[in-house]
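Below you'll find the structure, written out as structure tokens, and then a few comments.
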Amino acid sequence: MTPTPKGQELATIDQGLTSSEVLQYLADPDSVQIELFVQDPDEVRKSIDAKQLSATSLDDLLGESAVISGKNHVGKPFQLRSVAFRQSDFDSEGLPFYAVFDAVDYDGTVQTISCGARSVVQKAAIMESRGWLPAWVKITEGKLTEAGYRPLDLAAAPAPF
């Protein structure tokens, strides 16, 4: 992050937010100015190449490439291996970023799971920043709120062995 003229710190999502920056924003949104950029296609390609070149197994390399929404993965245990943060497409509500999980299910299937729920984002950022990954977790769903939402959370899940 780079100091801005207002004394705030500037975090740019195109360069990737760190878990520490996410936690700082969640603690005090006014302390961090989030600047959103459209990613350069060459940088996206480099990121994809790096992920493929760092594969440690056939599943890592050839695993499902579709991103699974966290709300469609409620109650399904997975090993959270790493987390990244991406720019949100929602301008009017929620956080300006969401979490993208590199995950593996009980069957060993590599998955990419995304979630923008504040509690899930915050817990994943804490886990990553404190070195608690990989960890077995699951996304849980709370009771229906008066506004008609079911809040999502991140909870511990038993390891498969």
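The values are calculated or read from the model by the stated rules, or taken from the named source; none is laboratory data. All values derive from a computational prediction rather than experimental measurement. Using ideal geometry, Cβ is built from the backbone for each residue, glycine included, and neighbour counts are taken over all protein chains shown.
Going residue by residue through region 146-155, is there one that turns out to be of a type in the set (Asp, Glu) and either more than 19 Å from residue 69 (Cα to Cα) or surrounded by fewer than 15 Cβ atoms within 10 Å (Cβ to Cβ) (or both)? Reasoning before the result, please.
Going through region 146-155, the residues of a type in the set (Asp, Glu) turn out to be 146, 153.
Applying the additional criterion that residues be either more than 19 Å from residue 69 (Cα to Cα) or surrounded by fewer than 15 Cβ atoms within 10 Å (Cβ to Cβ) (or both) yields 146.
Taking every residue of region 146-155 in turn, at least one turns out to be of a type in the set (Asp, Glu) and either more than 19 Å from residue 69 (Cα to Cα) or surrounded by fewer than 15 Cβ atoms within 10 Å (Cβ to Cβ) (or both).
Filtered by the rule that a residue be out of contact with any Lys or Arg (no Cβ under 7 Å at 6 or more places or on another chain), more than 18 Å from residue 77 (Cα to Cα) and among the aliphatic types (A, V, I, L, M), region 117-161 gives 125, 126, 147. Just one of the numbered conditions (1) surrounded by fewer than 21 Cβ atoms within 10 Å (Cβ to Cβ); (2) touching a Ser or Thr at 6+ places or on another chain (Cβ under 8 Å); (3) within 16 Å of residue 17 (Cβ to Cβ) is not true of residue 118: (2).
Taking the residues in region 1-36 that are of a type in the set (Val, Ile, Thr) and assigned to a strand (DSSP E or B) as candidates, determine which candidate is modelled with the highest pLDDT. Walk me through how you get there before you give the answer.
Of the residues in region 1-36, the ones of a type in the set (Val, Ile, Thr) are 2, 4, 12-13, 18, 22, 32, 34.
Those left that are additionally assigned to a strand (DSSP E or B): 2, 12, 32, 34.
Working: 2: 40, 12: 47, 32: 75, 34: 71.
Residue satisfying both the conditions and the ranking: 32.
If you go through region 71-82 and pick out every residue that is among the small types (Gly, Ala, Ser) and in contact (Cβ under 8 Å) with a residue 60 or more places away in the chain, you end up with 1. For region 121-136, filtering for residues that are under 15 Å from residue 27 (Cα atoms), buried (at least 18 other Cβ atoms within 10 Å of the Cβ) and of a type in the set (A, V, I, L, M, F, W, C) leaves 3. The residue of region 52-92 that is modelled with the lowest pLDDT, among those that are under 21 Å from residue 107 (Cβ atoms) and of a type in the set (D, E, K, R), is 64.
Could we say that residue 80 is assigned to a loop (DSSP other than H, G, I, E, B) and either touching an Asp or Glu at 6+ places or on another chain (Cβ under 7 Å) or within 26 Å of residue 32 (Cβ to Cβ) (or both) here?
Working: assigned to a loop (DSSP other than H, G, I, E, B): no; either touching an Asp or Glu at 6+ places or on another chain (Cβ under 7 Å) or within 26 Å of residue 32 (Cβ to Cβ) (or both): yes.
When the stated conditions are applied, residue 80 does not pass them.
Of all the listed residues (101, 97, 85), the sole one being under 24 Å from residue 23 (Cα atoms), buried (at least 18 other Cβ atoms within 10 Å of the Cβ), within 14 Å of the chain's Cα centre (by Cα) and free of Cβ contacts under 8 Å to residues at least 40 places away in the same chain is 101.
Sort out which residues of region 40-89 are closer than 21 Å to residue 137 by Cα and in contact with a helix residue (DSSP H, G or I) (Cβ under 8 Å, 6 or more places away or on another chain), and write them in order of number.
70, 80, 82, 83, 85, 86
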